[in-house]
Amino acid sequence: MSHPLAITGSDQSGDPQAQRTARAFLVALHAAIRAVRLYPIENSAVQKAIVELGQAAERVELANGHCRLRRIGDYLFVNETRLRLMLDNYAAVAYVLGLLRDAGLGGLAVVSPTSPRAWVVLIGFLQSPPLGFPEEERREQLLARVEQAGVTCFEFYGPADESEQLETELDGKERARQTYVRSLDVTREVMTSARLGRNAGLKRVKRAVQGIVDAILTDPASLIGLTTLREFDDYTFVHSVNVSILSVALGRRLGLTKPQLLDLGLAALLHDIGKSRVPLELLNKRGALDDGERAVLQTHTWQGVLAIFAMQTGAARPWRAMTTAYEHHMRIDLTGYPTPYRSRRLSLYSKIIAVADGFDAATTIRAYQDVPWTPADVLRGMRDNPRLGLDAVVVKAFINLTGIYPVGTLVILDSFALAMVVAANPDPTILSRPLVRMVTDAQGNRVEDLRVYDLTSCDASGHFEHTIIRTEDPQRYGINIGDYFA
Ligand SMILES: [Fe+2]
Ligand SMILES: [Fe+2]
């Protein structure tokens, strides 16, 4: 069957100019959507973002004669250009992919000059699609809404045939980002379906986990680095993906086999799926929860078991995922929740996921936590605070994996220069001396220094050239962690 959006093999992703124009359009779209979400329409920031979006679309049209945005599998295309995933845009790609999917869209085209109002109508719909309806109906509702508003400058397409998976050559870093985006997209789909009472299948989830495991076995640093970037809006989805990545990396450290890692990765990706049965107002609530609310939130453990039961899994039910959904907040001394009826020993997978879960949650800014701890503080707490109920051996392996100063930690050196940790030391026995990039000099002036410093290096007299004295909060210094991972 031919499809209006079928790719004709003319992938122009290699053309840098086309890439730039396409990226600018996508980033402008993402910025406008976020602005609309955060502020009232009259706000000048929203107005500016919308105008810039119109201009970016015009530039695409000027370059190619038309402007089409399409979703094919896990990839986004602007006209014939597949968007390369760069560090500054993969959050935007993941987000827009998700919005198009939610709206039941395979893509849209600008067919006549746009107005700011037209973009506002479009974004308004994309932000709150009628999720309870089947894909086709969602699209029809969009058409009706757009027509009703008198907007004629857009044309919409149904989803491209998913079997048309594109095999594209990606370099190592981009492959890691693609794995991340795909996992995020799948998690969003599974959790959204579960929220709507529709039962997603496990096939795509398994494929995404396969990607995570392959990446951890071949190039763990690239994928783990992505878990430190927290500019995403969808906390629960991002968190699930991060926990899956960290769990698989940790499982590998602990010597699990590849099939075990696949099982573990799947269990970790689904560990909070029960949250899809908890009201959104509660999940997004700012500030402290009262006892009743906390009790409802805590049901996500056993609700997770039910949600996994409801999935279309065929005969091979993911039993382990059910166990870990149930046990991941239980703590090894069973003082967590839910309270078990009789004594039990947590499965190793639950212990691993609890550590990855605790680390990611504590280092993330989210509704109930305005200032996150630094990663190093979190690790120290996990090691020294027995009340967290984490398994000591697993925590030790985790500290070995990430170093005492995990990737993305801002540190102060003994020279009083600020530096960013970009990798653990390749020698796992030297945990306190990671690889860093300089952020400021000793006087506090920002430096543009692309070099990576190994903190084990010594000067002529045999003393370490740099030593970490403590960690700092990057936010306090207005430092964007992502700038140091380009
Ligand atoms: Fe949880
Ligand atoms: Fe969690």
>> Conditions first: (1) in contact (Cβ under 8 Å) with a residue 40 or more places away in the chain; (2) aromatic (Phe, Trp, Tyr); (3) not in a helix (DSSP H, G or I). Tyr180 passes all but one, so which condition is the exception?
In response: (3)
> Do any residues in region 326-343 that are farther than 21 Å from Arg383 by Cβ and β-branched (Val, Ile, Thr) have Cβ atoms under 9 Å from those of residues that are within 16 Å of ligand 2 (Cβ to nearest atom) and part of a loop (DSSP other than H, G, I, E, B), where the two are at least six apart or on different chains, and which pairs are they?
Replying inline: Thr339/Met330
> How about region 297-317: which of its residues are within 16 Å of ligand 2 (Cβ to nearest atom) and either free of Cβ contacts under 8 Å to residues at least 40 places away in the same chain or within 22 Å of Glu189 (Cα to Cα) (or both)?
Replying inline: Leu297, Thr299, His300, Thr301, Trp302, Gln303, Gly304, Val305, Ala307, Ile308
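May I ask you to verify whether Asp377 is within 19 Å of the chain's Cα centre (by Cα) and in contact (Cβ under 8 Å) with a residue 60 or more places away in the chain? Please lay out each step first, then the result.
Working: within 19 Å of the chain's Cα centre (by Cα): no; in contact (Cβ under 8 Å) with a residue 60 or more places away in the chain: yes.
Answer is no for this residue.
Could you tell me whether region 349-372 includes any residue that is in contact with a strand residue (DSSP E or B) (Cβ under 9 Å, 6 or more places away or on another chain), aliphatic (A, V, I, L, M) and either on the phi > 0 side of the Ramachandran plot or not in a loop (DSSP other than H, G, I, E, B) (or both)? Give the steps one after another, and end with the answer.
Pass one, region 349-372, residues in contact with a strand residue (DSSP E or B) (Cβ under 9 Å, 6 or more places away or on another chain): 361-362, 372.
Checking which are aliphatic (A, V, I, L, M) leaves us with 361-362.
From what is left, the residues that are either on the phi > 0 side of the Ramachandran plot or not in a loop (DSSP other than H, G, I, E, B) (or both) are 361-362.
Yes.
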>> For region 149-183, which positions are at pLDDT 90 or above, of a type in the set (D, E, K, R) and touching a Ser or Thr at 6+ places or on another chain (Cβ under 6 Å)?
In response: none
> Which condition does Ala361 not pass, out of (1) within 23 Å of Val241 (Cβ to Cβ); (2) free of Cβ contacts under 8 Å to residues at least 40 places away in the same chain; (3) within 16 Å of ligand 2 (Cβ to nearest atom), if it passes all the others?
Replying inline: (2)
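Search region 281-294 for residues being within 24 Å of Leu196 (Cβ to Cβ) and free of Cβ contacts under 8 Å to residues at least 60 places away in the same chain, and hand back the single one that is farthest from ligand 1 (Cβ to nearest atom). Please lay out each step first, then the result.
As a first pass, look at region 281-294 and keep what is within 24 Å of Leu196 (Cβ to Cβ): 281-285, 293.
Remaining after also requiring free of Cβ contacts under 8 Å to residues at least 60 places away in the same chain: 281-282, 293.
Details: Glu281: 18, Leu282: 13, Glu293: 15 Å.
So, considering only residues that are within 24 Å of Leu196 (Cβ to Cβ) and free of Cβ contacts under 8 Å to residues at least 60 places away in the same chain, the one farthest from ligand 1 (Cβ to nearest atom) is Glu281.
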> If you go through region 262-276 one residue at a time, do you hit one that is surrounded by fewer than 20 Cβ atoms within 10 Å (Cβ to Cβ), at pLDDT 95 or above, more than 16 Å from ligand 2 (Cβ to nearest atom) and not hydroxyl-bearing (Ser, Thr, Tyr)?
Replying inline: yes
>> Which numbered condition in (1) over 28 Å from Lys203 (Cβ atoms); (2) within 14 Å of ligand 1 (Cβ to nearest atom); (3) in contact with a Leu (Cβ under 8 Å, 6 or more places away or on another chain) is the only one that Gly274 fails?
In response: (1)
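Restricting to strands (runs of 3 or more DSSP E) lying wholly in region 56-135: which have 3 or more residues that are of a type outside the set (Gly, Ala, Ser)?
Details: elements: 67-72, 75-78, 107-110.
Output list reads 67-72, 75-78.
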> Between residues in region 450-468 that are in the same structural domain as Ile430 (by TED's automatic domain parsing) and farther than 16 Å from Leu410 by Cβ and residues that are among the small types (Gly, Ala, Ser) and in a loop (DSSP other than H, G, I, E, B), which pairs lie under 7 Å by C-beta distance while being six or more apart or on different chains?
Replying inline: Glu465/Ser457
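Inspect region 113-124 for any residue being in contact with a Leu (Cβ under 6 Å, 6 or more places away or on another chain) and of a type outside the set (Val, Ile, Thr) and give the result as yes or no.
Taking region 113-124 first, the residues in contact with a Leu (Cβ under 6 Å, 6 or more places away or on another chain) are 119.
From what's left, of a type outside the set (Val, Ile, Thr): 119.
For region 113-124, residues in contact with a Leu (Cβ under 6 Å, 6 or more places away or on another chain) and of a type outside the set (Val, Ile, Thr): present.
Yes/no per residue for (1) under 16 Å from Asp185 (Cβ atoms); (2) at pLDDT below 90:
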residue: Ala94; (1), (2): yes, yes
residue: Asp102; (1), (2): yes, yes
residue: Gly106; (1), (2): yes, no
residue: Val111; (1), (2): no, no
residue: Glu147; (1), (2): no, no
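The values are calculated or read from the model by the stated rules, or taken from the named source; none is laboratory data. Nothing here was measured: the structure is a model prediction, and the numbers come from that model. Neighbour counts are summed over all protein chains in view; Cβ atoms, including those assigned to glycine, are modelled from backbone coordinates with ideal geometry.
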